[in-house]
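Below: the structure, in structure tokens.
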Amino acid sequence: MSERDETTHFGFREIPQGEKADLVHGVFTRVASRYDVMNDLMSGGVHRIWKDAMMDWLAPRDGQRLLDVAGGTGDIAFRFLSRAPGASAVVLDMTESMLMEGRQRAEAAELSDRLDWVAGDAMALPFADASFDRYTIAFGIRNVTRIDAALKEAHRVLRPGGRLMVLEFSRMPNPALQWAYDRYSFNVIPAMGQAVAGDRDSYQYLVESIRRFPDQDRFAEMIGAAGFELVKYRNLSMGIAALHSGWKI
């Protein structure tokens, strides 16, 4: 069966697998210029705390080489390099306009000499085996057409002893809190996207994509199935988001 015949989800819609990448590319092309502002507004700035928690657990060290996938505007790479001045990073994203925003931020922060920017696909990384010490992806893996393929690629490009860390929206274990959060997400975030970015549909998709993403335990199983060991996760903000960690042993 061809990719065109197999289906996947784009938000709550079922679509041919071969169409998803173009649709996701369109979403992030449209929101690129307002992406960071919207992250602050949607989360009340809490996404910054989550990303700092990611770095606390990742513990960057000098000499390490990071690959940050779906990292367009550079938030994770900048945090990594600020904690390890002797490290280097590559930011990969499928959307050139996101990378352009990131390059401008890197120039302003005088980090360009330690950062490379690459347009590419998480499911077919343009890097040799065992090229990186750390692989991160924040709020991006739920947009990948085949999550299992992206995780296998992460395992391939990591060196033995390398570490994967994923920050993604997840599930709250308390049903009442999850219900309240769902009401906020579906009623407020698309309207905010329309008011701030002039794009309701893209933010409607982003909310729907969160609900289609596997819960914490299922995603941990997927990471293990890709070859990673010592897989663990930590809930953030009562499970609104979660950090998953795995090692290539």
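Points worth noting:
- On inspection, Ser170 does not qualify as more than 29 Å from Phe12 (Cα to Cα), touching a Leu at 6+ places or on another chain (Cβ under 9 Å) and among the polar types (S, T, N, Q).
- Every residue from the range 93-102 that is surrounded by fewer than 20 Cβ atoms within 10 Å (Cβ to Cβ) and among the small types (Gly, Ala, Ser): Ser97
- Taking each residue of the range 14-40 that is within 16 Å of Met100 (Cβ to Cβ) and looking for partners that are modelled with pLDDT under 75 and surrounded by 16 or more Cβ atoms within 10 Å (Cβ to Cβ) with beta-carbon atoms closer than 7 Å, six or more apart or interchain, yields Val31/Met38.
- Residues located in the range 210-232, provided they are part of a strand (DSSP E or B) and either surrounded by fewer than 18 Cβ atoms within 10 Å (Cβ to Cβ) or of a type in the set (Lys, Arg) (or both): Glu229, Leu230, Lys232
- Any hit, the range 176-197, residues being over 28 Å from Trp57 (Cα atoms), assigned to a loop (DSSP other than H, G, I, E, B), at pLDDT below 95 and not small (Gly, Ala, Ser): no
- Residues satisfying the stated conditions in the range 121-137, i.e. touching a residue at least 60 places away in the same chain (Cβ under 8 Å) and charged (D, E, K, R): Asp121, Asp133, Arg134
- Considering (1) in contact with a Gly (Cβ under 8 Å, 6 or more places away or on another chain); (2) farther than 21 Å from Trp247 by Cα; (3) buried (at least 20 other Cβ atoms within 10 Å of the Cβ); (4) among the charged types (D, E, K, R), the lone condition that Arg105 does not fulfil carries the number (3).
- Test: Phe186 is surrounded by 14 or more Cβ atoms within 10 Å (Cβ to Cβ) and out of contact with any Phe, Trp or Tyr (no Cβ under 9 Å at 6 or more places or on another chain): yes
- Positions within the range 116-166 being surrounded by 21 or more Cβ atoms within 10 Å (Cβ to Cβ), out of contact with any His (no Cβ under 8 Å at 6 or more places or on another chain), in a strand (DSSP E or B) and of a type in the set (A, V, I, L, M), in sequence order: Ile137, Ala138, Leu158
- Failed criterion for Glu96 (all others in (1) out of contact with any Phe, Trp or Tyr (no Cβ under 9 Å at 6 or more places or on another chain); (2) farther than 27 Å from Glu208 by Cα hold): (2)
- Residues in the range 171-198 that are under 17 Å from Phe139 (Cβ atoms) and of a type in the set (D, E, K, R): Arg171 alone.
- Where helices (runs of 4 or more DSSP H) sit wholly within the range 1-115, those with at least 2 residues that are modelled with pLDDT of 85 or more occupy 17-31, 46-58, 75-83, 96-108.
The values are calculated or read from the model by the stated rules, or taken from the named source; none is laboratory data. The structure presented is a predicted model; accordingly, all values stated were derived computationally and were not measured. Here the Cβ is made from the backbone with ideal geometry for all residues, glycine too, and neighbour counts use every protein chain on show.
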